[in-house]
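Heads up: the structure comes next, in structure tokens.
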Amino acid sequence: MIRHRRMRQHKWVRDLAAETVLTPKDLIWPVFVVEGENQCQPVASLPGVDRYSIDILVSEVKKARDLGIPAVALFPVTPDDKKTEDGRAALDENNLICRALSEIKDKVADIGLIADVALDPYTSHGHDGVVSDDGYVLNDETVDILCRQAVLQARAGADIVAPSDMMDGRIAAIRKALDENGLINKMILSYAVKYASAFYGPFRDAVTSAGNLKGDKKTYQMNPANRKMALREARADVGEGADMLMVKPGLPYLDIIRDISQSCDLPVFGYHVSGEYAMLKAAAQNGWLNYDDCLHEKLIGFKRAGCTGILTYAAREMAAKL
């Protein structure tokens, strides 16, 4: 008689037979940076997540590096008085994200730095681009700004620029801009497949943009009903010169991660987004499930689906346990 359970009877044999293994090197830690000094501001809707001023963030990034986490992704919290209709603060070489990149690269040189290329942290309307009089986000005008933003971030110390805006043609344009400015070794992580998801709420709370957003982002972020369109988006970004691809959110779109990882030969990352993380924390705080076990199971699911890297707010927690 075939007995599959023979290979499950001891932990050591289960470990030997494991088809998918999660390690700290699979994890990327998203962090929020704020102005000021000695700032560590808890995010109410993301238990365990804080916004850090640059001085504190440097030491926190060192801890992540020491846990074996290979890269961090930075997201700036722009004060309301610096947000404008055109998001012009994104092009200030002394803005918060550029200063953070420069300081971390100087103090923690051996960890990868990923910079978010998008205008929503800087716009008063909360959209990822320039908005026309009738409320439509203008594609080509936005891409022009994103190119300049990416060059600034790369010069400041970003190893990877990560366009998260979902404008058409921006990967080719950013690659051209980087190359023309002598930044040929800077990598592009394209948010190739970013859905207009309801799971982003706590993130917008963390970057203080929730109250700014006018309307929704459905004219540029993807329809959650679409699968074939995701493959088209990913193939386009591969052709335009992306070095890596992102699927966001992660858990509700594991089928998309699987499709893309099987159809292209670039690394595919998944984003364990704020809503997914917050729900797990809330359920655990109510005693409804074991946080550590459920987190590990979730992240194993990302790997099993085909992720070569996972962005998660729980990266340091998970790395410490691994």
**Fill in**
In degrees rounded to 10, the 0-90 angle between helix 54-66 Cα long axis and the longest Cα principal axis of the chain is 30 degrees
**Prompt:** If the cut-off is 17 Å between C-alpha atoms, which lysines fall inside it for LYS186, apart from same-chain ones fewer than 8 positions away?
**Reply:** LYS105, LYS176
**Fill in**
Helix 170-180 sits off the longest principal axis of the Cα atoms of the chain, rounded to the nearest 10 on a 0 to 90 degree scale, by 70 degrees
**Fill in**
Any aspartates and glutamates whose Cα falls less than 13 Å from that of LYS82, other than same-chain ones fewer than 8 residues away, would be GLU35, ASP92, ASP120
**Request:** Check cross-link reach from LYS303 to the aspartates and glutamates: straight Cα distance under 13 Å, and skip same-chain residues fewer than eight apart.
**Result:** GLU19, ASP26, ASP255
**Request:** Before anything else, pin down the relative contact order of the chain: Cα pairs under 8 Å, at least 6 apart, normalised by residue count, whole percent.
**Result:** 19 percent
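Using the Cα centre of the stretch 21-245 as the reference point, and only Cβ charges (+1 on K/R, -1 on D/E), how large is the resulting charge dipole? Debye, rounded to the nearest 20. Before the final figure, lay out the partial values.
Details: 26 positive and 35 negative charges, 144 e Å.
Charge dipole of the stretch 21-245: 700 debye, to the nearest 20.
Here, each number is a calculation from the coordinates, and none is a lab measurement. All values reported here derive from a predicted model rather than from experimental measurement. FYI the Cβ positions are ideal-geometry reconstructions off the backbone, even for glycines, and counts take in every protein chain you see.
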